[in-house]
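Colleague: Sharing a structure here in structure tokens format.
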Amino acid sequence: MINVTALTKHYGDRTAVDDLTFAVADGRVTGFVGPNGAGKSTTMRMMVGLTRPDRGEVRYGDVLYTDLRHPARVVGTVLDPRCMHPGHTARNHLRALAALSDIPVARVDEVIAEVGLESAAGQRTRGFSLGMRQRLALAGALLGDPQVLLLDEPSNGLDPDGIRWLRNHLTDFARRGGSVFVSSHLIGELAMFADDLVVVGGGKLLAAETVEAITARRNASVVAETPRPAELARALAGPDVHVVADGDRLTIRGTTKAAVSQAAFEHGIRLVGLSESAASLEDTLLDMTGASAEFASA
């Protein structure tokens, strides 16, 4: 379990992270989401001692990160896939990391195989694509066979096959009892494998819940097509029902498909079409974070 408590960071007059408190559970994938400038990268850097918080702390179990005797054996991180010497081969880059963390060199070839870089192990990293750098960075995170993976945008630069591989790998890691804390702007992709979400905006915590609980915040909408839209709208009127008309089509929130069908039947209103669509996770998160977005389109 990772426990983040009252984490706060200021840069001059700007508050990058504001009293952030949340937990990351063992055996689960926790997504970390929010608009640009929300404080995600600053938070993740503070979680591994790269940035000093003004206030608050991060504990892995009961231990502060700075007090871990062998950090690489507890937390594997990918915060910037560009952090590798361009003149080093992939294998030598990992050998250097292994030496710094007192990890057996035999582990290097194991993680190279695990991330699918065997054919590129002897190549210098200056020629690597972003996707190859992401795989090599993940190999570095896995070197110490850690209990936790802390990853900032790890799917950036990966092709669809690579994204699926990453999704499966992180899911398997969590199912074996590890903790995964991963930031991503690919909300649709994250929804496919995350168990929980930590949502931030303007440096503040907006939610820390399961994916299902956050998605359920936004009601599904029912779309009804009828030659008598005004009559159907009146039949559905209620304090919690919101109806938007567009010609013969009504978009209705606050009720169910079955309730709309029953109301139409009771009032003798013919329905041409009736469908129900659940709110997407992306739509729900945009609603939650829209007010705190640093940059917004017109």
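The values are calculated or read from the model by the stated rules, or taken from the named source; none is laboratory data. Bear in mind that the values here come from a model prediction, so they are computed numbers and not experimental data. So basically every Cβ, Gly included, is an ideal-geometry build from the backbone, and we count neighbours across all protein chains shown. Just so you know, the surface numbers come from the protein's heavy atoms only, side chains and all, with ligands and any DNA or RNA stripped out. Shrake-Rupley method; radii C 1.70, N 1.55, O 1.52, S 1.80 Å.
Colleague: For the Cα atoms of the chain, what angle does the longest principal axis make with the long axis of helix 257-266, in degrees from 0 to 90, nearest 10?
Modeller: Here the helix axis deviates by roughly 0 degrees.
Colleague: Then there's this: Based on the mean of other beta carbon atoms within 10 Å per residue, what is the order of 255-262, 244-251, most packed first?
Modeller: Packing proxy ranking, top to bottom: 255-262, 244-251.
Colleague: May I ask you to give the percent of accessible area on segment 29-104 that is carbon plus sulfur, with a probe radius of 1.4 Å?
Modeller: Exposed carbon and sulfur together represent 48 percent of the surface.
Colleague: Using per-residue counts of other Cβ atoms within 10 Å, averaged over each peptide, order 1-13, 33-45 from highest down.
Modeller: 33-45, 1-13
Colleague: Enumerate the lysines that K9 could reach by cross-link, defined here as Cα to Cα under 25 Å, with residues fewer than 8 away along the same chain left out.
Modeller: Counting by Cα, and skipping residues close in sequence, K9 has these lysines nearby: K40, K204.
Colleague: Using only the alpha-carbon atoms, how far is helix 90-100 inclined from the longest principal axis of the chain? Give it as 0 to 90 degrees, nearest 10.
Modeller: Orientation of helix 90-100: about 70 degrees from the principal axis.
Colleague: Here's a follow-up. Could you list which residues have their amide H under 5 Å from that of V17, counting only those 5 or more apart in sequence or on another chain, with H placed in the peptide plane?
Modeller: Distant-sequence amide H within range of V17: K9.
Colleague: Return the distance in nm (one decimal) between the two label points of a simple spin-label model at H185 and K204, each offset 7 Å from Cα along Cα→Cβ.
Modeller: So the label points at H185 and K204 sit 2.4 nm apart.
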